[in-house]
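These notes concern the structure reproduced below.
The values are calculated or read from the model by the stated rules, or taken from the named source; none is laboratory data. Computed from a prediction, not measured in an experiment: that's the story for all the values here. When we count neighbours, we look across all protein chains shown, and the Cβ atoms used for this are built from the backbone with ideal geometry, even at glycine. What goes into the accessible areas is simple: the full protein's heavy atoms, side chains included, and nothing from ligands, DNA or RNA. Shrake-Rupley method; radii C 1.70, N 1.55, O 1.52, S 1.80 Å.
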Amino acid sequence: KPPPAWRELQPFSMSGKEEKKEGSGNEGFEEKLINDEYKIWKKNAPFLYDIVMTHALEWPSLTVEWLPDKHTQKDKDYSVQRLILGTHTSDNEQNHLMFAEVRLPLEDTEIDARKYEEKNGYGGYGGVSGRLEIVQKINHPGEVNRARYMPQNPNLVATKTASASVLLFDKTKHSSKPPKNGVSNPDLKLEGHKKEGYGISWSPVREGLLLSGSDDSLVCYWDIRANSGKNVLQATGTFEKHTDVVEDVAWNPHNQNLFASCGDDKLLILWDMRERNPCHEPIKAHDGEVNCLSFNPYSENLFVTGSADKTVALWDNRNLKNKIHSLVGHTEQIFNVAWCPFQEPILASCGADRRVNIWDLSQIGKQQTPEDAEDGPPELMFIHGGHTDKISDFCWNSNEEWMIASVADNNILQIWQPTDSIWAMDDEPSAEGAKA
């Protein structure tokens, strides 16, 4: 059984008094605490994970997503899987949309979990076969705020940019090395927004439908099948109800016409594609800006929102007057939430506190000892403490149970999988707990 490392990994958060001192050496104090936390995490990692791979990218990536394919060879002890990444450069350096190949050890590969392989201060417990290589770079105009592939054709990737445009790239039409002139040639430019943003979502049900939310308080959508061969496509439709930045948008995977949006106006809005108005009165979902949302892939009624108020809220479509439950465990604002692709009650969240938290909704309300309660609520299943900077994005791997890729502001990409001794006992959690 892994050691009770929860308390050791609690993220550092400054009090108000400490924040006021921030200009007078307090940054050094915080940095020392963060480094001390990291050393504790690294010491405990062999007991907490089956795999940890840490890769220092050349530039920070604000986005990460696993592509759905997995390739194996008979004589190799690893599989090859792919990630979508981006860059956020400085000093007018060229930005890129990037594709990486990751060699992941197969399940039955012998890995010496206590042997930490390190190079240039970064490494992991992935064994000899664990490796990552950037295999394709495509010139991109400004930083890649977010990149997501189309489920029906993973070669098509949409990106949110530092301008108002949403860009579409077909990776098969671009070489592995970008032109040195820095010119970006997207295969389609999607127009309709007036400002940049982060929210983007492909319909999992209807091919070619893309949603986008931006700082102009608009939600736009495009049907890329309507493109007549030109390289610019105007928005098929817009949805206006938010009064501030739209931070995120998401399709309901169980109904091809329904989607949701959330934003800095603290509102959650549910929409029906067939109408231009919300299908429910906008909901004040949190006490802070609502940064992210995600629909449960198994239950048509469950979804979650994550907020600057440091909580994740659980909602039921059938009764939106009140949230079902608030997940409390982060110490700073939350940037992303996503449901586990394998189990209905499991989800994860990441944020400015340098943590990815994994939650098990089937444990809500479970009795705890006072000592356990100090480590967090019963539904807080696992805290990933391997990052030392804000976590911009993360993604569950749909081919490997419990594996997640996460990216932080200090250029670090981590691929990690909690040890099965942590999640095996919850391998068949009660779905009833998730539907509370």
> Working out 0.36 nm times the residue gap between Gln256 and Gln367, then minus their Cα-Cα distance, what length gain in nm do you get to one decimal?
Replying inline: 36.0 nm
>> Let me make sure I get this right: for the stretch 243-329, a, b and c are the square roots of the gyration tensor eigenvalues over alpha carbons, sorted descending. Under 1.5 in a/c it's rounded, otherwise prolate if a/b > b/c, else oblate. Which is it?
In response: oblate
> Using a simple spin-label model with points 7 Å from Cα along the Cα→Cβ vector, what separation in nm is obtained for Glu332 and Lys43?
Replying inline: 2.4 nm
> Given 10 Å bins starting at zero, what is the percent of C-alpha pairs of the stretch 52-100 in each, up to the one with the largest pair distance?
Replying inline: 21, 42, 25, 10, 1
> To the nearest 0.05, how large is the calculated FRET efficiency for Leu106 and Thr243 if R₀ is 51 Å and r is the Cβ-Cβ distance?
Replying inline: 0.50
>> At a 10 angstrom cut-off on C-beta neighbours, averaged per residue, how do the peptides 251-257, 317-323, 267-273 rank from highest to lowest?
In response: 267-273, 251-257, 317-323
>> Please list, by residue number, everything in the stretch 233-261 whose backbone N is under 13 Å from a paramagnetic label point 7 Å out along Cα→Cβ of Glu275.
In response: 258-259
>> With a 1.4 Å probe and all protein chains kept in place, how much accessible area does Tyr198 have, in Å² rounded to the nearest 10?
In response: 90 Å²
> Going by average Cβ neighbours within 10 Å, how do the peptides 393-403, 157-167, 177-187 rank, with the highest at the top?
Replying inline: 157-167, 393-403, 177-187
> Computed from these coordinates, which is Cα Rg over 2.2 N^0.38 Å: (1) 1.20; (2) 0.96; (3) 1.34?
Replying inline: (2)
>> Give me the percent of accessible area attributable to carbon and sulfur for the chain, probe 1.4 angstrom.
In response: 44 percent
>> Below 8 Å between Cα atoms, with a sequence gap of 6+, how large is the relative contact order for the stretch 173-219 in percent?
In response: 29 percent
>> Under 8 Å for C-alpha pairs, at least 6 residues apart: give me the relative contact order for the chain, rounded to a whole percent.
In response: 13 percent
>> Could you work out [θ]222 nm for the chain from helices alone, using -39500 (n - 2.57) per DSSP H run of at least four and dividing by all its residues? Round to the nearest 500 deg cm²/dmol.
In response: -2500 deg cm²/dmol
> Can you tell me the Rg and Dmax of the stretch 253-394, counting just the alpha carbons, in angstroms?
Replying inline: 15.2, 52
>> Between Ala226 and Lys180, what's the calculated FRET efficiency when r is the beta-carbon distance and R0 is 25 Å? Round to 0.05.
In response: 0.10
>> Just the number please: accessible area per residue for the chain, 1.4 Å probe, all protein chains included, in Å².
In response: 45 Å²
> By the scheme Lys and Arg +1, Asp and Glu -1, what is the net charge of all other residues having a beta-carbon under 12 Å from that of Leu380?
Replying inline: -3
